[in-house]
Amino acid sequence: MVLAELGGSISRALQQMSNATIIDEKVLNECLNEITRALLQSDVQFKLVREMQTNIKKIVNLDDLAAGHNKRKIIQQAIFTELCKMLDPGKPSFTPKKSKPSVVMFVGLQGSGKTTTCTKYAYYHQKKGWKPALVCADTFRAGAFDQLKQNATKAKIPFYGSYMESDPVKIAVEGVERFKKENCDLIIVDTSGRHKQEVALFEEMRQVSEATKPDLVIFVMDSSIGQAAFDQAQAFKQSVAVGAVIITKMDGHAKGGGALSAVAATKSPVIFIGTGEHMDEFEVFDVKPFVSRLLG
Ligand code: GDP
């Protein structure tokens, strides 16, 4: 179910409840079941949906609500709060400051949009007066360096990488050191997204992270991966200290559920979303407006 459809289903469920003359347990349950179905169809993890349902029922105790209370409003507010809570891990992610060079490492599976997102992130900050730089530490995929180089050149962002060197840790360290010397204030390290074995990929992430000591690790996830989102995000979080999430491909057939699962698995906020292939199709992610839009 795409985001707009999810929003539509939730608003319909709320509308149906609003149309009921009396809001009793049965009407509330019907509404919550409708919302549960919509969230599950949008690939929100079952466990999260169940938790949300329990929480709403705890907040909305129909018997305890004194007469005169606007029950519909209370229920709508509870749904809004719960959806916001699911997307807000409670602590903001590290935010780079211009006064001190920051290293930001990107991780994610091949095809997730990681390389594209690295450039978008660099470009976004460049437009705000930063001096970003890109380091290609993906030595596994042939063509990774060319892709980053091409993107970086287009955006006039300095880049570092090598066709010959096979050690990603060495390249990452060299790139970070070089750009620190050149007074770049935002050094972005793109890493490999695939390996012969998954274990080797996660070990490589760990080594690159240990050697470059990033201020922030961003996990990039394709919004269309569905129910696999939670496990994938958790696997990365277990190897490196993921501190923020970027969800890509929110245009087209994007599903909303992955975002909720990635936040739950990494306990990190979504900071941006990718909304297209172009460099500027990139938006700051803000929980409340996002949920408001979702609820229509
Ligand atoms: P990587 O293997 O994770 O580095 O992924 P790439 O950056 O090479 O991206 C894989 C494909 O997804 C490319 O064709 C990108 O143009 C495309 N892509 C990346 N982000 C987005 C997005 O937000 N929306 C759309 N529609 N396509 C995207």
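Key figures
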read-out	value
At 0.692 mPa s and 37 °C, Stokes D of the stretch 142-296 from Kirkwood alpha-carbon radius, µm² per second	194 µm²/s
Long-range amide H partners of Asp222 with built H, under 5 Å	Thr248
Under the Karplus curve 6.51 cos²θ - 1.76 cosθ + 1.60, θ = phi - 60°, whole-Hz ³J(HN,Hα) for the stretch 121-131, x wherever Gly or Pro sits	5, 5, 4, 4, 6, 4, 5, 9, x, 7, 10
DSSP-assigned coil residues among chymotrypsin sites (Phe, Trp or Tyr not before Pro) in the stretch 105-176, each with at most 14 further Cβ atoms within 10 Å	Tyr163
Within the chain, longest stretch free of exposed trypsin sites (Lys or Arg not before Pro) [DSSP loop, at most 10 other beta carbons within 10 Å]	1-127
Label zone at Gln207 (point 7 Å along Cα-to-Cβ), backbone N below 18 Å, the stretch 132-153	136-142
Whole-Hz couplings from phi, Karplus 6.51/-1.76/1.60, listed for the stretch 160-174; x for Gly and Pro	9, x, 8, 7, 8, 5, 9, 8, x, 5, 4, 4, 4, 5, 4
When each of Lys100/Lys181; Lys120/Lys156; Lys100/Lys180; Lys128/Lys170 is checked by Cα-Cα distance, pairs over 21 Å	Lys128/Lys170
For the chain, built as a Gaussian network whose Cα springs stay under 10 Å, the top-fluctuating residue of Asn151, Asn33, Asn70	Asn70
Value of D in µm² per second that Stokes-Einstein yields for the chain, Kirkwood Rh from Cα pairs, at 10 °C (1.306 mPa s)	78 µm²/s
Sulfur and carbon atoms: percent of accessible area, the chain [1.4 Å]	51 percent
Cα gyration tensor category, rounded, prolate or oblate, for the stretch 61-179 with a/c compared to 1.5	prolate
Column: log10 I(q)/I(0), Debye, Cα scatterers of the stretch 83-149, q = 0.21, 0.26 Å⁻¹	-1.01, -1.20
Structure-based [θ]222 nm, the chain - -39500 (n - 2.57) summed over DSSP H runs of at least 4, per residue, nearest 500	-16000 deg cm²/dmol
Within the chain, percent of DSSP bridges classed antiparallel, to nearest 5	15 percent
Accessible surface, per residue, of the chain when the full set of protein chains is kept, probe 1.4 Å, Å²	48 Å²
Computed over the chain: relative contact order in percent, which uses C-alpha pairs under 8 Å that are six or more apart	25 percent
Label zone at Lys156 (point 7 Å along Cα-to-Cβ), backbone N below 17 Å, the stretch 109-146	120, 122-134
Percent RCO, i.e. relative contact order, over the stretch 12-108, from Cα pairs under 8 Å lying at least 6 residues apart	23 percent
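The values are calculated or read from the model by the stated rules, or taken from the named source; none is laboratory data. Every value quoted in this text rests on a predicted model; they were computed, and no experiment measured them. Glycine also receives a Cβ, built like all others from the backbone with ideal geometry; neighbour counts cover every protein chain displayed. Heavy atoms of the whole protein, side chains included, go into the accessibility calculation; ligands, DNA and RNA do not. Shrake-Rupley method; radii C 1.70, N 1.55, O 1.52, S 1.80 Å.
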